[in-house]
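Scroll down for the structure; my scribbles are underneath it.
The values are calculated or read from the model by the stated rules, or taken from the named source; none is laboratory data. In this text, all values refer to a predicted model and were calculated from it rather than measured experimentally. Heads up, the Cβs are rebuilt from the backbone with ideal geometry, glycines too, and the neighbour counts pull from every protein chain shown.
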C-alpha cells in the first residue's frame, strides 16, 4: 500500500506525495540482450525509472558449440559492471537477477553466472523453461486486462508458450526456437529454419487450445516486427503495449518479412540495426504460430518475464488491484490540486450515469473511473494548452491494462474537460482510434467534469453535497443551502451542454 508523507495540516491525501519505498531493480540476462530495469518500487503497476539494455548475443553459438562465445561473455560482464554501478547510484535496495535459455543450456553457463553474481552482488536465478514460461505469462496477466489466449515469449535462445485465462496460468513449455538459436542451428539458412519450426510445432496440444482466442506476443524481436508494421501501415499511435493486429493481417505481414531481404523493407530504419538479422526468424515463428493456432488476433505485450517476476512477489491483495486504476491514482496523487476530489468525482459521476439512461458496462465504468482520477493532472499547464498537455500525458502515459481505444477514451475525456466539447482542434491521431461510441462517451464525461470543476474549483468536500442526476426526464443539479451562491450563467450553460448530450432538459435547484 502507498504511504503518504504529510506536508501540511490540510489533509495528508490532498497534500501528500507517493512513497513506494526504496527503488528496486531486475537484471535480466537473456540469450540476446542483457538488461537492467530500475523500478520506483514493488507495486501493482511498477514504474520504471531507468531502463538500459546491451545486445550481447550470449546465445549466438550455444546450439552448435554448446558454449557461450567469449566475446559475448566479455560484453555481458562489462554491461553488468555498469549495471551494478547504476544500481548503487540509484540507491537500489534490492536486485533480482535472472538468466534464461543461453545460460541454462551452455556448458560454461554456470561459470559465467558465478562471475556475474560476483559483479552484481546478487544471486542469479537460472530459469528453467517451465519457470520462464510461467513468469512470462504472469507478466501478461499483470499488464493485460482480463487476458485470454496463448502467450508466446520469443527470446534469443528459446520460445516459451503458455495458456492464460484471467489470472489462471497453465503449465507452459519451451522450445529451442529463439532467433539466435534458429540462426545458429540452421546455419543462417531460412529454408532450413522453416523445416525446423514446422517440425517443432507438430502435435503440440497447447496450440490447438488457442483457436479463436488471442495470441500475446512477448519479446524484443516481435516488438521490432510490430513497430515495423505500425510504421508501414501508418498507424496513428506508437505505444507498443497492447498493439493489436488481426490474425490474418499478422499472418500476411509475417510471411512477407520472413521471405524477403529485410533491408529492402519499407521503413526498416525504425528497427534497431542489431535486431534486423533476426527479423526473418521471428517472422517465420510468428507465421507458423498464427497459421497453426488460428487466433482471433495478435496482441503485443511489452511486459514479460521481468514484470511477471515482480508480480509474483506481491501479496494476494496487491495482485488483485487493477493496475490501470492504481497507476491513475498514483498520477492523481502526484499532480492533482486535490487528489481526494477525484475520488469524489468518481462517486458523483456514478450517480449521474446510473440515472442518465446511458448504458455502461463494467469495462466502460472502469475507464470512467480512471478518467476521473486523471481529470486534474494538467492544471499547472498554461490555460490555452491544458487540454492538449493533459491529453498527451494520459494517452501516451506508461499505463498498462488498457487497450488503444481505451487510451483514446481517457485522452479525449481529459481533453474535453479542459478544452471544451468542440472537435475543431481535436488531434486526429486519437480520433482515428476512437469509435463513434467512444467519442460520444468521452464527450459526455468531459461535459460532466466541466460541470463538476466549475462547482468545486477543483477542491474536495463539495461534490457529495451537490448531486446531479436525471429526475423525471430532466437533468437536475441540486445546490442546497449556501451552495446556491454558486449559481451563474456559466454554470447553467455547462449543465445545458451536458443535458443536450444526454437528451434531457437542464435544471438547477437551489
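Test residue 187 against the stated conditions and say whether it is within 24 Å of residue 61 (Cβ to Cβ) and either surrounded by fewer than 22 Cβ atoms within 10 Å (Cβ to Cβ) or modelled with pLDDT of 95 or more (or both).
Details: within 24 Å of residue 61 (Cβ to Cβ): yes; either surrounded by fewer than 22 Cβ atoms within 10 Å (Cβ to Cβ) or modelled with pLDDT of 95 or more (or both): yes.
So residue 187 fits the description; yes.
Within the stretch 195-238, can you find the residues that are part of a helix (DSSP H, G or I) and under 15 Å from residue 159 (Cα atoms)? Please lay out each step first, then the result.
Keep residues of the stretch 195-238 that are part of a helix (DSSP H, G or I), which gives 195-200, 205-208, 220-233.
Scanning the stretch 195-238 gives 196, 197, 198, 199, 200, 206, 207, 220, 221, 222, 223.
Among 375, 328, which is the only one that is modelled with pLDDT of 95 or more, part of a loop (DSSP other than H, G, I, E, B) and crowded, with 17+ Cβ neighbours inside 10 Å?
After applying the criteria, what remains is 375.
Return the residue satisfying two criteria in turn: it lies in the stretch 485-510 and is within 24 Å of residue 337 (Cα to Cα) and loosely packed, with under 14 Cβ neighbours inside 10 Å, and of such residues it is farthest from the chain's Cα centre (by Cα).
Ranking the qualifying residues of the stretch 485-510, first place goes to 485.
If you scan the stretch 139-189, which residues turn out to be touching a residue at least 60 places away in the same chain (Cβ under 8 Å), outside any strand (DSSP E or B) and closer than 26 Å to residue 47 by Cβ?
139, 140, 141, 142, 143, 144, 145, 147, 155, 167
Can you tell me which of (1) closer than 19 Å to residue 409 by Cα; (2) surrounded by fewer than 18 Cβ atoms within 10 Å (Cβ to Cβ) is the one residue 459 doesn't meet?
(1)
Taking the residues in the stretch 233-248 that are free of Cβ contacts under 8 Å to residues at least 60 places away in the same chain and in contact with a helix residue (DSSP H, G or I) (Cβ under 8 Å, 6 or more places away or on another chain) as candidates, determine which candidate is surrounded by the most Cβ atoms within 10 Å (Cβ to Cβ).
Here the residue is 245.
Filter the stretch 415-425 down to the residues that are crowded, with 24+ Cβ neighbours inside 10 Å and farther than 15 Å from residue 337 by Cβ, then identify the one that is nearest to the chain's Cα centre (by Cα).
415
Given the residues 196, 159, 182, 175, which is the only one that is more than 24 Å from residue 242 (Cα to Cα), over 20 Å from the mean Cα position of the chain (by Cα), at pLDDT 95 or above and crowded, with 23+ Cβ neighbours inside 10 Å?
Going through 196, 159, 182, 175 in turn, just one is more than 24 Å from residue 242 (Cα to Cα), over 20 Å from the mean Cα position of the chain (by Cα), at pLDDT 95 or above and crowded, with 23+ Cβ neighbours inside 10 Å: 182.
Take residue 350 and tell me if it is in contact with a helix residue (DSSP H, G or I) (Cβ under 9 Å, 6 or more places away or on another chain), modelled with pLDDT of 95 or more, under 25 Å from residue 474 (Cα atoms) and surrounded by fewer than 22 Cβ atoms within 10 Å (Cβ to Cβ).
yes
All but one of (1) at pLDDT 95 or above; (2) surrounded by fewer than 19 Cβ atoms within 10 Å (Cβ to Cβ); (3) touching a helix residue (DSSP H, G or I) at 6+ places or on another chain (Cβ under 8 Å) hold for residue 142, so report the exception by its number.
(2)
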